[in-house]
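The values are calculated or read from the model by the stated rules, or taken from the named source; none is laboratory data. Just so you know, these numbers come straight off a predicted model, no measurement behind them. Methodologically, a virtual Cβ is constructed for each residue, glycine included, from the backbone with ideal geometry; neighbour enumeration extends over all protein chains shown.
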Amino acid sequence: MQRILDAVRALDGVLELAPAEGSGFPELAWGDHFFYYAPDGKVPEREQPYATIVTKDYPDDTASDLGGEGRWRLNVHVGKAVAAQVVGGEAGAASDAPDFSASDVFLPHPVYGPLGWIAVVVPGERTCGRAVELLRDAHEQARKRAERRAAVGGAGSGG
């Protein structure tokens with residue numbers, strides 16, 4: 001996990017939320033990481049993270065079987081077209097029925113695959129390098145969205 005964290009933390013304008021006990025975030029999120037493009041250091045009001053690392057199963061997301069020792073999952077929003085290229089076929093297509101608990105394999109996100117999210121349980125030798133590339137691309141796409149919002153006066157306007 002450290003290689004992934006180091007790669008994301010090195011990106012310009014990244015904001016990492018890493019909820020922990022006493023942080024004010026729900027206990028369910030403790031130990032997880034949420035990544036935003038936010039050079040001002042403030043969580044964007046109308047923007048989801050472009051990537052997350054989850055360290056446990058969530059009530060509506062148990063297919064990756066993250067309860068075992070050392071199991072965690074990287075999730076990256078790459079868009080539908082890239083997701084289809086990375087995972088092969090239609091991201092999130094129910095007919096494929098992938099094994100969402102498989103390690104070191106690019107898969108559609110078990111819940112958000114149809115929305116262009118990919119997932120990798122415990123990225124390793126086969127996936128880590130490409131995962132870092134996808135993270136950089138997702139960060140760049142988030143930066144471009146933020147710049148477009150700022151150009152039309154939408155960023156930080158408090159609405």
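Filter segment 14-40 down to the residues that are in a loop (DSSP other than H, G, I, E, B) and of a type in the set (G, A, S) and list them by number.
Let us first name the residues in segment 14-40 that are in a loop (DSSP other than H, G, I, E, B), namely 18-26, 30-32, 38-40.
Hits for segment 14-40 are A18, A20, G22, S23, G24, G31, A38.
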With the condition kept exactly as written, say whether any residue in segment 69-82 is within 21 Å of P26 (Cα to Cα), in contact (Cβ under 8 Å) with a residue 12 or more places away in the chain and β-branched (V, I, T).
-> no
Which pairs have Cβ atoms under 7 Å, sit 6 or more apart or on different chains, and link a residue in segment 41-63 that is among the hydrophobic types (A, V, I, L, M, F, W, C) and at pLDDT 95 or above to one that is surrounded by 15 or more Cβ atoms within 10 Å (Cβ to Cβ) and in a loop (DSSP other than H, G, I, E, B)?
-> I53/D32; I53/W72; V54/D32; V54/L66; V54/W72; A63/F100; A63/S101; A63/P110
What are the residue pairs meeting all of these: first residue in segment 1-23, first residue farther than 15 Å from T55 by Cα, second residue among the small types (G, A, S) and surrounded by 13 or more Cβ atoms within 10 Å (Cβ to Cβ), Cβ atoms under 7 Å, and 6 or more apart or on different chains?
-> V8/A51; G13/A38; L15/A38
